[in-house]
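Remarks on the structure that follows.
The values are calculated or read from the model by the stated rules, or taken from the named source; none is laboratory data. These numbers were taken from a predicted model, which means no experiment stands behind them. Backbone-built Cβ (ideal geometry, glycine too); neighbour counts: all protein chains shown. To get the accessible areas, we keep the full protein, side chains included, count just its heavy atoms, and leave off ligands, DNA and RNA. Shrake-Rupley method; radii C 1.70, N 1.55, O 1.52, S 1.80 Å.
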Amino acid sequence: MSAATTRSRTPDRLCAEAVDLARAAAEEAAAPGVVGEHEGMVSEGDRVVTHYFGCRELGYRGWRWAVTVARASRAKIVTVDEVVLLPGPDAVLAPEWVPWSERLRPGDLGPGDLLPTEADDPRLEPGYTGADEPPPNSALTEDLADLVDAEDAEVTGGSPAQQTVTPSRGSIAAVAEELGLRRARVLSRYGLHSAAARWEEAFGPKTPMAQAAPASCESCGFLVPIGGSLGQAFGVCANEFSPADGRVVSLAYGCGGHSEAAVMPKTPQPAPPVIDETRVDPFPLRPSPDSGSVPATEDASSAELGHS
C-alpha cells in the first residue's frame, strides 16, 4: 500500500473541522430548516472531505446533503467544492428505467400508435415471398432453366412476349396469394404457442368460470370456429351474455351461458275450446215457475200482507 493511499484514507483535520462551513453551503443550496443533523464525513483524498447532513425535505426520505470541502497544499483556508443531494442507504428511489418495449402491456396500444416489431422477433418467421421463382415474364420455367444450364442449350431469340411464358394462374406464387399467404412474415411456432398460452390462461379450463360450468365450449352452439392450427383448440365466443363474448376461448373453457345448459321449456298453450255441434242445448225464454225462492201459489196469510 502506497503512502498516498494511506494519506487519502485519513481525513484532513482542517477539512474535517469545517462542519459549519459545510452546513452553511448546504442551507444556501437548499433552504433554512431543510438541512438536518450532521451524519458523518468521508475522506475523498488528500485534503478533500465530504460532509453528510440529513434531509428534511418532504418526499426525500433517506436522502442526504453531501458537501465536499477541500484546501490547497500548505493552505489553512478551507473552500467548498460542491453541494449535492444524494440518496442514502435507506433512500426511497424511483424504479430502474425499463425500455418501452419491455414496459408495454396488452391494452396500451391506442388509436394512432405504432408498435414496431424487431427484425428478429421470435414470434414471427419469414412467409412465402416467391423470391425463388422465375420472373412472371420469364420465357422459361424453373425446370427448363436448370436444363439449359446443364446442357448448354441455346435459347431462341425474341422478346419474352413472343415466348411461352409460365402460366401465372398455376404458379405457386399465385396460389399463395390467392390463399392469403403472400406475407413478408407469418407466425412462428413460438408465436403460436405464446398466443395459445395467453388465451388459455385468460379463458381456459383452469379458470374458476370453467370449473363451475355445466359443459365446455366444444359443445356450445355459440362457439364460432376459427381456421388454422389454432382452430383445433380454440374458437370465438358469440354469446352476448357470456363474459367471453367476442374473445378467443379454449374449447375446454365453459360458462353458465352454454347453449344446452338450461333449455327453457315452451310456455304451455291452452287447449282450443271444443264445440259439440251434434246436440242442441235448450234455452227457455222464461224461468220455470218453481225456480224462484218464493212459491208461485198464494195463500191467505201472504195475500193479507201484500205479497204477490
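Residue-by-condition table, conditions (1) over 44 Å from the mean Cα position of the chain (by Cα); (2) more than 29 Å from A16 (Cα to Cα):
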site	(1), (2)
F53	yes, no
A66	yes, no
A72	yes, no
K76	yes, no
P87	no, no
P99	no, yes
E102	no, yes
D108	no, yes
D121	no, yes
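Is there any pair linking a residue in the range 186-212 that is open to solvent by 80 Å² or more (accessible area, probe 1.4 Å) to one that is of a type in the set (K, R), with Cβ under 9 Å and at least six apart or on different chains, and which?
What qualifies is L187/R123; Y190/R123; E200/K206.
Name the residue, out of A24, A66, that is surrounded by 11 or more Cβ atoms within 10 Å (Cβ to Cβ), without any contact (Cβ under 8 Å) to a residue 24 or more places away in the chain and outside any strand (DSSP E or B).
A24
Take the residues in the range 173-198 that are among the basic types (K, R) and under 14 Å from L230 (Cα atoms), then tell me which one is modelled with the highest pLDDT.
R198
Looking only at the range 94-125, filter to residues that are assigned to a loop (DSSP other than H, G, I, E, B) and touching a Gly at 6+ places or on another chain (Cβ under 9 Å); which one of those is surrounded by the most Cβ atoms within 10 Å (Cβ to Cβ)?
So the residue we want is R123.
Sort out for me the strands (runs of 3 or more DSSP E) sitting completely within the range 181-260 that have 2 or more residues that are touching a Ser or Thr at 6+ places or on another chain (Cβ under 9 Å) and of a type in the set (D, E, K, R).
The strands (runs of 3 or more DSSP E) meeting that bar number zero.
Within the range 217-236, count every residue that is in contact with a helix residue (DSSP H, G or I) (Cβ under 8 Å, 6 or more places away or on another chain), open to solvent by less than 40 Å² (accessible area, probe 1.4 Å) and not hydrophobic (A, V, I, L, M, F, W, C).
1
Would it be correct to say that L104 is free of Cβ contacts under 8 Å to residues at least 40 places away in the same chain and more than 27 Å from S188 (Cα to Cα)?
no
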